[in-house]
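Taking it in order: structure first as structure tokens, then the write-up.
Quick note: the coordinates plus some simple rules give every number you see, no bench work behind them. Treat the numbers as computed from the prediction; the structure is a model and nothing was measured. As a convention, Cβ positions derive from the backbone with ideal geometry for all residues, glycine included, and neighbour counts pool all protein chains shown.
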Amino acid sequence: MSSQREQYYRMLFLVAAVYDIVLGTIFTFFHTWAFELLDIADEDPGSGYVPLIGAFLFVIGIAYFLIYRGDLVRNVDLIAVGTLYKLAYSSIAFWFWIVVDDVPHILFPALFGIVDLVMFVAMAECWLTVRRLSLRNGAILE
């Protein structure tokens, strides 16, 4: 893999890390403020549901940071999990935006779903490239 390609992948995971850590922090500790800012305070479930999702976002953000600073080949399985996370979120976001059509604010499914869909495609390409490289080098242990 070229050094430029590796840098691209590392930047992808750094951006994903910052994005998810920031969103995770906001929705863990400041979700009431976020719902007010989005003018959907009446949609706030007022329970541990939103902070729990925020904590999950924070943790996956840390995982993306570990991918960014680590060995991509050794982290191929972590890349797969992160890629599936982006697929899961974007799929659910688009399901509710397009099929259910009952969302409190367009920002959640549209913006976050589109961002995660773009990241999913880029991460899937990264995973395929790194996995192919690791298989060629015999780096994946069976």
Along Cα→Cβ, 7 Å out, is where each label goes; now give me the distance between the ones at VAL118 and ALA55 in nm to one decimal. 3.1
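Where does the chain land on the Kirkwood hydrodynamic radius, alpha-carbon pairs, in angstrom? Please report the intermediate quantities before stating the final value.
On the way: mean 1/r = 0.0621 Å⁻¹.
The answer is 16.1 Å.
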Write down the Å³ per residue value for the convex hull defined by the alpha carbon atoms of the stretch 3-62. 71
